[in-house]
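Worksheet: one structure, shown below.
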Amino acid sequence: MTAQPIWHETVIPEGPRVNLRYIDWIWHVRGSVPLPDGQTAGEALDRIEPVFDEVGTAHVRSDAALSFTKKNPASQDPLSVFERGVLRVEGTAPEGRLRYHLVSRALLACFLAPLLFLGFAQLTIFVNAYQKPAAEAAAKKPDAKKADAPPMHPIDKALGAPEPEKPGKNGAEGGKRNRKPTPTPAYVFAGIFAALYVGGRILEDRLVKRLFRKRLLQA
């Protein structure tokens, strides 16, 4: 196992800046779990550490903290959605707590995907509005193809040749070919990814807390 420094939040130089804490909850999961009575920081981390003995996971531990990073984790890894994080034991019994801070780019991607598809929908609406005047002008022009079909020659009629098709049929087919793109599919995908994000954000938060609580209470 290659030793790596304990990961901390990026330190931003002093000066005017946006406090990312107000928005990083989108892809950061923070929480805490109380330690069982009488459990020390070392004992707590002893029970948590096996969670990070997974393929593609590297972790390093200090007296009261543990940091990890993941690269191409296995699908069965219970923390595969998170690529890095820090766990730290604070306080002593009976008020000690295990605090965790996990980061997931997958959650960020699911959050941004609906915005991307909504952008596609707005682009489709804009293109349709831009092309509408040209389409209406083209519809008002007389079309030579829509002229009445010439009458059949008597000889062709006697031989049983089929009558020429009416222009209306070709016009209907042309209308189908010239149907305008619709933003509906983009709205559908935006809704799907929004549901995935909301469900995943809530579910992962609960699963992480349940996992750490179970490990701490395990005999």
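Coordinate-derived values only; no laboratory data. A quick note: this is a predicted structure, and the numbers were derived from the prediction, not measured. Don't worry about glycine lacking a Cβ; one is built from the backbone with ideal geometry, like all the others, and counts go over all protein chains shown.
Okay, here's what the table says:
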read-out	value
Theoretical gain in end-to-end length, residue 125 to residue 97 [0.36 nm per residue, Cα-Cα removed]	4.9 nm
Anisotropy class of region 50-132 from Cα gyration tensor, a/c 1.5 cut	prolate
³J(HN,Hα) computed for each position of region 116-130 - Karplus, 6.51 cos²θ - 1.76 cosθ + 1.60, integer Hz, glycine/proline x	5, 5, 5, x, 4, 4, 5, 5, 4, 4, 5, 5, 4, 5, 5
Efficiency of FRET from Cβ geometry, residue 55 and residue 207, R₀ 30 Å, rounded to 0.05	0.95
Simple label model, 7 Å out from Cα along Cβ direction - residue 116 to residue 187, nm	2.2
Surrounding net charge for residue 77, when Lys and Arg each add one and Asp and Glu each subtract one, Cβ distance under 12 Å	-1
Residue-span extension gain [residue 132 to residue 26] - 0.36 nm each, minus C-alpha spacing	34.2 nm
Residue 90/residue 214 FRET efficiency (R0 22 Å; Cβ-Cβ; nearest 0.05)	0.65
Order by protection proxy (mean Cβ within 10 Å, highest first), peptides 97-103, 202-208	97-103, 202-208
Per-residue ³J(HN,Hα) for region 99-104, Karplus 6.51 cos²θ - 1.76 cosθ + 1.60, θ = phi - 60°, Hz, x for Gly and Pro	9, 10, 9, 10, 10, 9
